[in-house]
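Enquirer: Pasting a structure below so you can have a look.
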Amino acid sequence: MSESRKQWTIVGSVLALLALLVGVGWANRGSFLPLDVGSDAPDFRASDLQGRPVSLSDLRGQVVLLNIWATWCGPCRAEMPSLQRLHQQLGPAGLKVVAVSVDAAPGRLDNSGNTGGDVAAFGKEYGLTFPLWREPSGAIQRAYRTTGIPESFVIGRDGSIRKKVIGATEWDDPTHVELIRRLLKQ
């Protein structure tokens, strides 16, 4: 085989391998691209503060504000009072606010080296009356492909993500309230 032919064989092989990698990446893009508005909200399992199993599917058919947070997270702490105010305002109309803590057990460290927190004590300290769930394994963060915490998802009755917020926000801001009111009417 001539030297030129060997070079073209190598180039052809590299291009074929590259095309294969692009094809595999494209076929699996749903595994690594972030969830966005319009995506189906992945179901997940967690536990309530009494240790009972709970899941998003328990709330199927309802409008849900899913907040992923931790007790050691400063922005999460800043956001919690507005979640409580929103819950007080729209909970009676049917909004389900659920805050899922990714804290490790108290006294333990999570995978990032953060000390676990007492989620129940946090809820009492902040006067939170909406459900607080625990999911310390990181499965919810993988399922929702979060980039950090807090990260929140407004989920419509059909189970699709209607709004995604990365970072803390004032949940009782009129813009959020109006969107959720519209979803509650659907």
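Enquirer: Looking at (1) farther than 21 Å from PHE122 by Cα; (2) among the small types (Gly, Ala, Ser); (3) at pLDDT 95 or above, which is the only condition SER47 fails?
Expert: Tallying (1) farther than 21 Å from PHE122 by Cα; (2) among the small types (Gly, Ala, Ser); (3) at pLDDT 95 or above, SER47 fails exactly one: (1).
Enquirer: Of all residues in segment 123-136 being out of contact with any Asp or Glu (no Cβ under 7 Å at 6 or more places or on another chain) and within 17 Å of TRP171 (Cβ to Cβ), which is surrounded by the most Cβ atoms within 10 Å (Cβ to Cβ)?
Expert: Step by step, filter segment 123-136, then rank; the result is LEU132.
Enquirer: Any residue that is within 17 Å of the chain's Cα centre (by Cα) and more than 16 Å from ALA78 (Cα to Cα) - is there at least one of those in segment 165-174?
Expert: No, every residue in segment 165-174 fails to be within 17 Å of the chain's Cα centre (by Cα) and more than 16 Å from ALA78 (Cα to Cα).
Enquirer: From the list LEU95, LEU86, which one is more than 18 Å from the chain's Cα centre (by Cα), within 25 Å of ARG181 (Cα to Cα) and of a type in the set (A, V, I, L, M, F, W, C)?
Expert: Unique residue meeting the criteria: LEU86.
Enquirer: If you scan segment 102-121, which residues turn out to be more than 23 Å from TYR144 (Cα to Cα) and free of Cβ contacts under 8 Å to residues at least 12 places away in the same chain?
Expert: GLY107, ARG108, ALA121
Enquirer: From the list SER112, SER82, SER47, exactly one residue is outside any helix (DSSP H, G or I) and out of contact with any Pro (no Cβ under 7 Å at 6 or more places or on another chain). Which is it?
Expert: The conditions single out SER112.
Enquirer: Scan segment 44-55 residue by residue and report those that are on the phi < 0 side of the Ramachandran plot and either outside the structural domain of ILE166 (by TED's automatic domain parsing) or without any contact (Cβ under 8 Å) to a residue 24 or more places away in the chain (or both).
Expert: If the condition is that a residue be on the phi < 0 side of the Ramachandran plot and either outside the structural domain of ILE166 (by TED's automatic domain parsing) or without any contact (Cβ under 8 Å) to a residue 24 or more places away in the chain (or both), then GLN50, ARG52, PRO53, SER55 are the ones that fit.
Enquirer: Further, regarding this structure: Considering only segment 83-101, I want to know if a residue exists there that is assigned by TED's automatic domain parsing to the domain that holds ASP40, of a type in the set (D, E, K, R) and over 26 Å from ARG162 (Cβ atoms).
Expert: Checked against the condition, which is being assigned by TED's automatic domain parsing to the domain that holds ASP40, of a type in the set (D, E, K, R) and over 26 Å from ARG162 (Cβ atoms), segment 83-101 yields no hits at all.
Enquirer: Restricting attention to segment 154-184, which residues are farther than 20 Å from THR71 by Cβ, in a strand (DSSP E or B) and not hydroxyl-bearing (Ser, Thr, Tyr)?
Expert: Residues satisfying the conditions are VAL154, ILE155, ILE161, ARG162, LYS163, LYS164.
Enquirer: Any idea which of (1) hydrophobic (A, V, I, L, M, F, W, C); (2) in contact with a Gly (Cβ under 7 Å, 6 or more places away or on another chain); (3) farther than 30 Å from LYS185 by Cα; (4) surrounded by 15 or more Cβ atoms within 10 Å (Cβ to Cβ) is the one VAL63 doesn't satisfy?
Expert: Unmet for VAL63, out of (1) hydrophobic (A, V, I, L, M, F, W, C); (2) in contact with a Gly (Cβ under 7 Å, 6 or more places away or on another chain); (3) farther than 30 Å from LYS185 by Cα; (4) surrounded by 15 or more Cβ atoms within 10 Å (Cβ to Cβ): (3).
Enquirer: For segment 55-79, how many residues meet the condition of being within 23 Å of ARG145 (Cβ to Cβ) and either among the aliphatic types (A, V, I, L, M) or in a helix (DSSP H, G or I) (or both)?
Expert: 14
The values are calculated or read from the model by the stated rules, or taken from the named source; none is laboratory data. Because the structure is a prediction, the values reported are computed rather than measured. Note that each Cβ is placed from the backbone with ideal geometry, even for glycine, and that neighbours are counted across all protein chains shown.
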